[in-house]
Amino acid sequence: MDGLEYWDAGSEAYEGLLATKQGVRQPGLPDNLLELVYLHVSQINGCAYCIALHGSAVKEAGILEEQVANLNDWRKDHKFGEIERLALAWAEAVTELKETAEIKGQLASMFSPRQIVDLTVAVGVMNALNRVAISLGRSA
């Protein structure tokens, strides 16, 4: 089976993922931060379609070209601010199911409880969308 056009299949479950992704934007986390997280999660998962999609979206959201180019090395790049670094560290921890206790403590000092939940849901939804796209053959 080549790529299945799952976005046109009428799946309420898929539409629910998209609605949840949209829900984390209302209000709370800045779009540029969410797009940066979405792009990095997609890079971790190797989802070519989502990398292309969010690669364009981060530029539209005002993320610097240098940040996009160096996103995989965000720990070494001084163009990323403290909030961006923390969100990227959390995105990696949630995506890779790493130990999160230290990062959770840092999150609580910079984000509200709602923002922490929304950021975590955003990472989870992006992971789910990456898996749907990769599994069903969506290409860039």
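All of the numbers you see were taken from the coordinates with simple rules; none came from a lab. The structure presented is a predicted model; accordingly, all values stated were derived computationally and were not measured. Glycine gets a Cβ as well: all are built from the backbone with ideal geometry, and neighbour counts include every protein chain shown.
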Whole-Hz Karplus couplings 3J(HN,Hα) for region 60-69, θ = phi - 60° and coefficients 6.51, -1.76, 1.60, Gly and Pro as x, run 5, 7, x, 6, 5, 4, 5, 5, 4, 5
Plugging the Kirkwood radius over Cα pairs into Stokes-Einstein for region 1-128, at a temperature of 4 °C and a viscosity of 1.567 mPa s, what D comes out in µm²/s?
85 µm²/s
For region 76-134, averaging the sequence separation of alpha carbon pairs under 8 Å that lie six or more residues apart and dividing by its residue count, the contact order in percent is 34 percent
If the label point sits 7 Å along Cα→Cβ of Lys98, residues of region 31-48 with amide N under 13 Å come out as 41, 44
Take the Cα of Arg25, step 7 Å along the line toward its Cβ, and report every residue of region 82-123 whose backbone nitrogen sits under 19 Å from that point.
115-123
Using a Förster radius of 25 Å, what is the FRET efficiency between Ala128 and Glu60 based on their Cβ-Cβ separation? Nearest 0.05, please.
0.60
Treating only the Cβ of Lys, Arg, Asp and Glu as charged (+1, +1, -1, -1), what charge dipole size does the chain show about its Cα centre? Round to the nearest 20 debye.
280 debye
Could you work out the helix-only [θ] at 222 nm for the chain, with each DSSP H run of four or more residues adding -39,500 (n - 2.57) and the total divided by the number of residues, to the nearest 500 deg cm²/dmol?
-21000 deg cm²/dmol
Given the options Ser11, Leu107, Gln22, identify the residue whose Cα lies farthest towards the positive end of the charge dipole of the chain (+1 on Cβ of Lys, Arg; -1 on Cβ of Asp, Glu).
Leu107
Along the Cα→Cβ direction, 7 angstrom out, place labels at Arg85 and Leu18. What is the inter-label distance in nm?
3.8 nm
³J(HN,Hα) across region 95-110 via Karplus (A = 6.51, B = -1.76, C = 1.60, θ = phi - 60°), whole Hz, x for Gly/Pro?
5, 9, 6, 8, 4, 10, 4, 5, 5, 4, x, 5, 4, 4, 7, 10
